[in-house]
Every structure is written in structure tokens, then in C-alpha cells.
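Trainee: Sharing a structure with you now.
Any read-out appearing in this document is the output of simple, stated calculations on the displayed coordinates, not a laboratory observation. Bear in mind that the values here come from a model prediction, so they are computed numbers and not experimental data. When we count neighbours, we look across all protein chains shown, and the Cβ atoms used for this are built from the backbone with ideal geometry, even at glycine.
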Amino acid sequence: MKKETYLEKLDTQFEHPYIILKRIFDIFFSIIVLIPSVIIVFLFAIIIVIDSKGGPFYSQNRVGLMGKEFKVFKLRSMRNDAEVNGAQWAETEDPRITRVGKFIRKTRIDELPQLFSVLVGDMSLIGPRPERPNFTQQFSEEIEGFEQRLLIKPGLSGYAQVNGGYDITPAEKLKLDLYYMEHFSFKLDFNIFIKTIAVVITGDGAR
């Protein structure tokens, strides 16, 4: 029997009065932060090229709102051949990470290009972290309800990221993301935003 894809499992899109206000915040904040971010990204792009072979950026397909795929762009923090053996998650003390990569991952500087994805509407500042299509399909088959994360726009940061980091399982991530959706509000987004700043300053949870 053919297994359902995550697209076939999706219910009606998540609706909430705060969504419109949230989109306004996303546009306003991303425009303001993109201005200084362009300078930072440009400087580290040069350093990355000097430090290791390959271009300064890399892109991946991710699954967003209602299963729509989009590309995310990041500063490259791993060797150019990091996924020569296929897609895989980063590990603690991953040997594929470059010298510069360790710093930009710890400070989350590698994520700055994704502010453009927030500006154009593929992502939000706060929401469930978008997964790659193959992982989304795998987890939707293995974990009941995993695809429900797609009912809301994915985020640059999120409740699961600041409360679990990289070390939680996909099932644990789902529980935290569902909690976020159940308590969806400006207050919760603001709390996540403050915690995100703390994570960036301390480098907590980085790989």
C-alpha cells in the first residue's frame, strides 16, 4: 500500500487574528536588520572564500507553509564537499565544519541571508524550523502528526529552537512546535525573540 505524502496529510491552513500583525512585524524587522546584515554577510563571504575552497553561500530546498517548497540561503559553514554522501544532519564537533564555520554557526551569522526569505514571505521571524523535503517525508511517515507543523509559516527562530536546540528528537520538536501553535500570540513570539538574542550571545546549542 502506497504511503501518504506529507502534502496528502495536511489539514486546513492554520488561522489566527495575529497572523496579519505578525506579517507586518516580519516585514518591518527584516528591512531594518537587513541593512547592517548586508555588510556583515559581505565581510564573512570574503573570509569564507579565503578560509576554504568553494563559494561563500549555499542553498537548500526546504518545506514551508502548506508544503510549499522554497530555497533557503546561508553562509557556507562546512566544506564544499560536506554532503557528497547525501543529506545528513550536523553532528556535535562535526569534522565537516570549517574554522570560520564554527564561529558563524555559534553566533548564527550563517543564518542572516534568510532574512530575505522572511522579507519575501517564505518564512517568518518566529515559527517551526523548516525541514528539507526528504526529512519532512520521512518524519511524517514515522511520527504521527509531524506534517501539522506545515500549517503555519516556518521561522528563522522558534519555540523548539530556543527550548530544545539541535539535540532534541524530531518527535520532541513536534511537541514544542504544537505547543507554539496552541499558544500562538505576540507575547509568546516576543519571549522567543528575547531567548533567541540570548542564544546568539551565548552560542548555546550551536553545532
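Trainee: Counting only helical runs of four or more DSSP H residues, what would the 222 nm mean residue ellipticity of the chain come to if each run contributes -39,500 (n - 2.57) and the total is spread over all its residues?
Mentor: Computed ellipticity for the chain at 222 nm equals -15000 deg cm²/dmol.
Trainee: Got the relative contact order for the range 149-207 handy, in percent, Cα pairs under 8 Å and 6 or more residues apart?
Mentor: Result for the range 149-207 is 47 percent.
Trainee: Now for a different question. Looking at the chain as a GNM with Cα springs under 10 Å, which of Gly67, Gly127, Gly55 has the largest mean-square fluctuation?
Mentor: In this elastic network of the chain, the residue with the biggest mean-square fluctuation among Gly67, Gly127, Gly55 is Gly55.
Trainee: What distance in nm separates the simple spin-label points at Val49 and Leu21, each placed 7 Å from Cα in the Cβ direction?
Mentor: My value for the distance between the label points is 4.5 nm.
Trainee: Follow-up. Return the single residue from Ile197, Ile126, Ile152 with maximal mean-square fluctuation; model: Gaussian network over the chain, springs between Cα atoms under 10 Å.
Mentor: Ile197
Trainee: Rounded to whole Å, give me the distance from the Cα center of the range 5-40 to that of the range 120-196.
Mentor: 13 Å
Trainee: Using 0.36 nm per residue of separation minus the Cα-Cα distance, give me the extension gain between Gln138 and Phe29 in nm, one decimal.
Mentor: 35.9 nm
Trainee: Between Asn61 and Ile201, what FRET efficiency follows from the Cβ-Cβ distance if R0 is 30 Å, with the result rounded to 0.05?
Mentor: 0.45
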